[in-house]
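No lab work stands behind these numbers, since they all come straight from the coordinates. No experiment lies behind these values; they were computed from the predicted model shown. In this analysis, Cβ positions are derived from the backbone assuming ideal geometry, glycine residues included, and neighbour counts consider all displayed protein chains.
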Amino acid sequence: MDQPIQLALLAAGCQPWNSQVTAASGKRFAYCATSTVYIFEADEKTGQYVLHSIFAENKQRITCMCWHPSDPNLLCTTSCNGTVIIWDVEQQKVFKQIKYPRDKPVSCCFYSNCLAFATKSVAVNLWEYNSRQAVHTPPSYNCSFSSDVTIIKFCSPGESGKKHVSILDEDNEEDNGYESLVTDIQWDPHSTEYALVSRYQCGLIMMDTNNMSVLMRYSMPSRAVYVQCLAWVPAASGTFVTGDQQNGILRIWNVSKAEPLESLKIKTTGFHAMSALQRQTAGISTDSVTTRHQGGPGVTPPVLLVCTFSDGGVGLYDLSLRRWSYLREKGHTETVFDCKFSTSDATRLATASFDGSVKVWDASRPELKFECSSPGNEGILYQISWAPSNLNCIAVASAKHGMFIWNISKGKITHRYHEHGHEVCVYTVCWNQIDSTRILTGGADGYAVVRQIDEDGVVRFDHNGAAVYGCEWSPSDQSLFVTGAEDGKVRVFCQPLLGQQGNADLVCKPVRVFEGHSSKSFHVKFSPLRDGYLASGSDDSTIRIWSYGEAKCTQVLTGHKSNVRGLCWSPEIAYLLYSGSWDYSIILWDIRNGSKLCTLDGHSGDVYGLSIHKNRPFILASSSRDSTVRLWSTYQVVSSLPIAVLAKVSWSEVFATPRK
């Protein structure tokens with residue numbers, strides 16, 4: 001049987017919290033979202049940078065990353081829980097790993113045969129990763145600081161180590177002894193004595209590290225303009241670039257001049273991090289075609305800048321051509337918990353994320369194009385539901401702000417509801433597609449709630465204290481809905497009409513309860529083609545098919561190795577069901593016999609959201625903890641199924657081989 005094809009991948013944006021989140025080495029560059037690393041590599045034939053691999057072994061937020069200066073296959077990441085991982089990039093696997101229990105690393109770099117990393121309170125910890133020696137702090141680095149350590153940088157492999165974490169600018173009387181936060185440090189690539197230092201409120205300087213004196217102060221347009229990041233330009237002696245913190249202005253400098261040579265506004269939002277690498281030319285190494293340049297306006301070698309921004313944007317800026325080679329704006333920077341195609345437009349896809357935003361994408365092209373984003377940071381967003389017809393609104397379930405409605409046309413949030421309680425998690429939401437005035441939610445308070453928009457009064461559906469994680473309206477009955485809960489039970493309710501009950505809050509009991517899951521049940525989905533059939537996914541790693549009319553489980557699907565979170569029926573073939581799991585896989589099932597038709601591999605984190613539009617029945621969207629959204633085509637897999645069903649014989653018997 002043919003395999004499904006991945007049509008598109010919406011890579012995550014870069015996290016805007018920690019500073020050391022980009023790295024470049026040779027023909028590769030990398031950046032990290034919250035807990036995932038994206039590595040791009042130059043294609044040898046075209047010179048274009050394409051996604052090489054995604055690493056998602058970090059279970060918590062990545063705090064810093066660095067590339068080995070002489071071995072492009074070794075990349076290090078550290079995370080909030082103290083995990084330090086050295087990756088083998090070529091083999092796409094963990095090379096070495098340790099757990100540092102004392103504190104989270106905030107900066108790291110390779111030094112000689114060691115990995116050095118700093119925590120807030122300890123400047124340098126050394127890990128000789130090729131030996132069994134434990135992590136240790138050399139006596140010469142065992143010193144205290146008046147503030148938290150932010151950055152460590154060794155000057156070069158094999159040289160004596162030098163570190164600079166914060167600088168007290170005593171020469172500037174206006175600083176009043178203020179110890180300014182260091183935003184970036186870069187050693188002069190041709191010297192072990194000089195380093196560029198950018199500081200939050202005290203500007204940009206060149207330092208002589210032997211006597212800790214300032215050699216040069218560089219002038220910014222005003223004291224309100226701060227340098228967020230900087231990088232030396234390869235093969236251009238004395239030339240470096242900086243990125244402004246408040247806006248997307250890139251400045252090109254020469255070490256001998258106090259004023260920038262050129263200022264370029266390449267984006268509207270502020271810079272976050274930056275790395276530089278030489279542009280790869282198809283068939284030839286850039287080392288053989290570039291010479292040393294003395295920096296000047298319009299005179300720069302073929303250099304690409306890996307730029308990340310405060311809004312999560314990531315791009316490759318071609319410094320010599322003064323244009324973007326690649327720019328991905330507005331990508332999610334955290335787990336994408338849900339994705340849903342618009343009910344009225346099969347080309348529009350909405351996504352909801354841990355990063356607090358809902359985004360809408362144009363899914364009509366191979367590369368998903370950003371359309372718009374919800375206003376403000378709403379905290380963790382678990383699930384979304386499009387309004388029916390052409391209302392152009394999305395209902396959102398959030399961790400702290402209840403359920404709210406984002407009106408896309410107006411560009412604002414028009415309604416907020418807190419029936420589950422203030423700051424009580426609302427895990428699931430579903431807009432009634434038959435009656436657009438009703439919205440169903442489920443929360444941590446142990447209730448499912450039906451609210452009629454713009455009217456008083458709600459109906460509550462008791463779950464005996466079990467948190468409600470999944471809910472869905474019946475596609476054929478406007479009063480029937482199903483829920484999945486913490487106790488593993490799948491409940492079916494029939495909602496009384498609010499208009500007939502007055503404005504008083506009601507509490508209703510289920511009309512049917514299905515039991516069988518041994519752990520939490522999450523997504524629950526009615527079949528769009530077989531009335532009365534529904535599916536539920538659970539933390540017991542199974543999917544169950546239930547018949548409402550027969551009041552029983554008709555099939556148990558086993559094959560996932562971890563929690564099942566995503567579920568989606570085929571809108572074209574009644575017996576096909578997709579499921580997504582914490583084992584990183586998506587499985588297409590034939591529910592008639594419980595068999596697996598195929599497995600969609602590609603995500604490098606837990607799979608949460610699955611969606612298909614009825615007008616594009618073989619295009620599946622998926623979202624994951626790896627912060628990506630992917631589009632898949634399963635037409636190759638399912639195209640033979642209708643014929644096989646009709647003929648009830650194999651393909652070889654349907655299509656006879658002609659005689660020679």
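Show me the ranking of peptides 476-486, 190-200 by mean Cβ neighbours inside 10 Å, starting with the highest.
476-486, 190-200
Hey, which lysines would be in cross-link range of K257, C-alpha to C-alpha under 30 Å, not counting anything within fewer than 8 residues on its own chain?
Partners within reach: K153, K162, K163, K265, K267.
Where does each of 573-581, 553-561, 102-110 land if you order them by average Cβ count within 10 Å, highest first?
573-581, 102-110, 553-561
What does the highest-first list of 24-35, 434-445 look like by mean Cβ count within 10 Å? Don't jump to the answer; show the numbers that get you there.
Numbers: 24-35: 24.1, 434-445: 20.8.
Those peptides, ordered most packed to least, come out 24-35, 434-445.
Tell me whether region 182-332 comes out rounded, prolate or oblate; compute the Cα gyration tensor, take square roots of the eigenvalues as a ≥ b ≥ c, and use a/c under 1.5 as the rounded threshold.
Verdict is oblate for region 182-332.
Which length gain, in nm to one decimal place, applies between D531 and T347 when the Cα-Cα distance is subtracted from 0.36 nm times their residue separation?
Working: separation 184, 0.36 × 184 = 66.24 nm, distance 2.72 nm.
Result: 63.5 nm gained on full extension.
How much mean residue ellipticity at 222 nm does the chain get from its helices, if each DSSP H run of length 4 or more adds -39500 (n - 2.57) and you divide by all residues, to the nearest 500 deg cm²/dmol?
Taken over the chain, the calculation gives -500 deg cm²/dmol.
Roughly speaking, what is the stretch gain from Q60 to S112, that is 0.36 nm per residue apart minus the C-alpha to C-alpha distance, in nm to one decimal?
15.9 nm
Apply 1/(1 + (r/R0)^6) to the Cβ-Cβ distance of L391 and V511, taking R0 = 25 Å, and write down the FRET efficiency to the nearest 0.05. Please report the intermediate quantities before stating the final value.
Numbers: r = 29 Å, r/R0 = 1.18.
The calculated FRET efficiency here is 0.25.
Lysines within cross-link reach of K509: Cα-Cα under 21 Å, excluding same-chain residues under 8 positions apart?
The qualifying lysines are K489, K520, K525, K552.
For region 182-332, what relative contact order do you get, as a whole percent, if you take Cα pairs closer than 8 Å and at least 6 residues apart?
It rounds to 15 percent for region 182-332.
Pairs of alpha-carbon atoms within less than 8 angstrom and 6+ residues apart define the contacts here; what relative contact order does the chain have, in percent?
Result for the chain is 9 percent.
Can you spot the aspartates and glutamates whose alpha carbon is less than 14 Å from K614's alpha carbon? Ignore those fewer than 8 places along the same chain.
D345, E572
Stretched out fully, how many nm does the piece from Q91 to E259 gain, at 0.36 nm a residue minus the Cα gap?
Going from the current span to full extension adds 56.0 nm.
Between (i) 31.3; (ii) 38.3; (iii) 35.5, which matches mean projected area of the Cα convex hull in nm² calculated for the structure shown?
(iii)
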